[in-house]
Amino acid sequence: MKSLETKSLVLLRHHLKALRLPTIGQEAEKVAQQAAADNADHLTYLLQLCELELLDREKRAAERRLKAARFPTMKTLESFDFTARPSVNKMLVAELARCEYIDKRENVLLVGNPGTGKSHLATALAAEACGRGYKVRFFRATELVTTLIEARDERSFLRLKSQLSKLDLLILDELGYVPASKVGAELLFDVISTAYERTSMIVTSNLPFESWTEVLGSERLTGATLDRLTHRCRIIETKGESYRLRDAKTRTRSREAASAVASSKASQAD
């Protein structure tokens, strides 16, 4: 009997591997033992295995989407310090985390000084979207412009546009740090125009809207870009001192305090 069970288990694992059901293959024996101990029927046993397979499959799919998004660093909403940024509407961010804006093809614009958490929020919201099954891609603005110009020169621009059009959410980070060339600005507008009411975008910028001409060059192009981005969008302002500047000041004060204590001890020793 034991030999028959072993043979059945080997065959079962072989069939499950062929069917690409690895989790069921890994858990079948353990769940069977538990089902026998609980006096569970066959359908309950099968249901438990299918649930485990689905959960693991969803987890692996989410991991693939996170990898495909190409975030420079992972951020979460739980790690964002809302108390340090009272200008950020926490209720609005919680609403955006449900990703209904993606289904409505709406945009999110994050505007504020450098170091105030714009990229953190953008990445965290995009990561939430990955976890909910949406296809996401993260670009720094300069990176996307460079990629677009290279694609145009290599005659692969239409293929790149096609790839971007299949996204559910496109993140454009740090728009405004470096002015785009005339060609770069036009190609960027092309992507934004194509995404309009088809693909949601999250855009972060350190510039107020009236200064976007400094990046895009032409007032006409700037107006057309803002018209498409702001038509159906949520705007979040991140006001306050830069996190990086605040941390630098804290470290400086700590070093000064440590130096003062060391000097005091040295004087007492003398």
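Confirm whether residue 49 is among the hydrophobic types (A, V, I, L, M, F, W, C), surrounded by 13 or more Cβ atoms within 10 Å (Cβ to Cβ), part of a helix (DSSP H, G or I) and modelled with pLDDT under 85. Please lay out each step first, then the result.
On the way: among the hydrophobic types (A, V, I, L, M, F, W, C): yes; surrounded by 13 or more Cβ atoms within 10 Å (Cβ to Cβ): yes; part of a helix (DSSP H, G or I): yes; modelled with pLDDT under 85: no.
Against the criterion (among the hydrophobic types (A, V, I, L, M, F, W, C), surrounded by 13 or more Cβ atoms within 10 Å (Cβ to Cβ), part of a helix (DSSP H, G or I) and modelled with pLDDT under 85), residue 49 does not qualify.
Check 62, 69 and return the single one that is among the aliphatic types (A, V, I, L, M) and surrounded by fewer than 16 Cβ atoms within 10 Å (Cβ to Cβ).
Values: 69 fails: surrounded by fewer than 16 Cβ atoms within 10 Å (Cβ to Cβ).
Every option except 62 fails the conditions.
Tell me which of these residue 158 doesn't satisfy, since it passes every other one: (1) modelled with pLDDT of 95 or more; (2) surrounded by fewer than 17 Cβ atoms within 10 Å (Cβ to Cβ).
That leaves (1) as the condition not met.
Filter the range 207-226 down to the residues that are under 11 Å from residue 179 (Cα atoms) and aliphatic (A, V, I, L, M), then identify the one that is surrounded by the fewest Cβ atoms within 10 Å (Cβ to Cβ).
That would be 215.
Of the residues in the range 81-114, how many are of a type outside the set (A, V, I, L, M), in contact (Cβ under 8 Å) with a residue 24 or more places away in the chain and either buried (at least 19 other Cβ atoms within 10 Å of the Cβ) or part of a helix (DSSP H, G or I) (or both)?
Going through the range 81-114 one residue at a time, the tally reaches 5.
Contact list please: Cβ distance under 7 Å, first residue in the range 120-138 and more than 23 Å from residue 162 (Cα to Cα), second residue in a helix (DSSP H, G or I), pairs at least six apart or on different chains.
Pairs found: 121/93; 125/96; 131/62.
Select, from 180, 151, 185, 127, the only residue that is under 30 Å from residue 60 (Cα atoms), in the same structural domain as residue 98 (by TED's automatic domain parsing) and among the small types (Gly, Ala, Ser). Outline the logic, then answer.
Working: 180 fails: under 30 Å from residue 60 (Cα atoms); 151 fails: under 30 Å from residue 60 (Cα atoms); 185 fails: under 30 Å from residue 60 (Cα atoms).
Testing whether each residue is under 30 Å from residue 60 (Cα atoms), in the same structural domain as residue 98 (by TED's automatic domain parsing) and among the small types (Gly, Ala, Ser) leaves just 127.
Which one is modelled with the highest pLDDT, of the residues in the range 53-77 that are among the acidic types (Asp, Glu) and over 13 Å from residue 131 (Cβ atoms)? Talk me through it step by step, then tell me what you get.
Quick first cut of the range 53-77, residues among the acidic types (Asp, Glu) only: 53, 56, 58, 63.
Add one more test, that the residue is over 13 Å from residue 131 (Cβ atoms), and what stays is 53, 56.
On the way: 53: 87, 56: 90.
Among them, the one singled out is 56.
The values are calculated or read from the model by the stated rules, or taken from the named source; none is laboratory data. What you are looking at is a predicted structure, and each value in this text was computed from that prediction instead of being measured. Cβ sites come from the backbone with ideal geometry, for glycine too, and all protein chains shown count toward neighbours.
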